[in-house]
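> Supplied in structure tokens, the structure appears directly below.
The values are calculated or read from the model by the stated rules, or taken from the named source; none is laboratory data. Please read these numbers as outputs of a predicted model, since none were measured by experiment. Counting neighbours? That spans all protein chains shown, and the Cβs are built from the backbone with ideal geometry, glycine included.
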Amino acid sequence: MAPMSEPARYPSHAGRSAAALLALAALVLGGAVSRAASDNPSAGSGAATTKPRAASAFTGDRAETERLIAYDQSIQLTAAQEKVRLDALTPLAAPCCKEFSAATCCCRCNMMRARDGLAKHLIADLGADATKVRADVTAWHQAINPDGFEGDSCSTGKCGRAFKADGCGGMVDGQLVH
């Protein structure tokens, strides 16, 4: 197994915000360009093209998950921001243990670390409200396991499995099972 690289750490909240804005701008501009090309059959070769189906902005890959875990480690929410996180995640069942909400889960597995990192980043860096956070967390869950979760990983010993294998991505901070 190749050694894990240290997750990128931003020196400040402003640095995280700038990086997030650049990434968001790239996604928006890239999507606008591809939509414009697909919506205009006369563009490019002149052949008719079909519209691409809507895709999540999330890849569910290792690099993305490690970046989200790094956000969890580096972002401290204010009390007001923590309320937004709780409002967003409490209505969602935790994919690995459906008896708990995504806000509390039953343990600090790598899925929860990444999910909390995503929520913290959206709230602290992008100013997202609970509805946006809930939608993006749901989209990320879909990206990491398109087949869905049984909701019993924690009670059936699947914690050490990869997300796509209905697992929690491992339990040890810094040892993501992907």
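> Report whether or not Ala102 is touching a Leu at 6+ places or on another chain (Cβ under 8 Å) and either among the hydroxyl-bearing types (Ser, Thr, Tyr) or more than 21 Å from Asp173 (Cα to Cα) (or both).
Spelling it out, it is not the case that Ala102 is touching a Leu at 6+ places or on another chain (Cβ under 8 Å) and either among the hydroxyl-bearing types (Ser, Thr, Tyr) or more than 21 Å from Asp173 (Cα to Cα) (or both).
> Restricting attention to helices (runs of 4 or more DSSP H) lying wholly within the stretch 60-143, give those where 3 or more residues are surrounded by fewer than 20 Cβ atoms within 10 Å (Cβ to Cβ).
Output list reads 62-74, 79-89.
> Also, I was wondering about something else. Among the residues of the stretch 45-59, how many are at pLDDT 95 or above and either among the acidic types (Asp, Glu) or surrounded by fewer than 18 Cβ atoms within 10 Å (Cβ to Cβ) (or both)?
Residues in the stretch 45-59 being at pLDDT 95 or above and either among the acidic types (Asp, Glu) or surrounded by fewer than 18 Cβ atoms within 10 Å (Cβ to Cβ) (or both): 1 in total.
> In the stretch 144-162, how many are within 12 Å of the chain's Cα centre (by Cα) and either at pLDDT below 95 or assigned to a loop (DSSP other than H, G, I, E, B) (or both)?
Summing the residues that are within 12 Å of the chain's Cα centre (by Cα) and either at pLDDT below 95 or assigned to a loop (DSSP other than H, G, I, E, B) (or both) in the stretch 144-162 gives 1.
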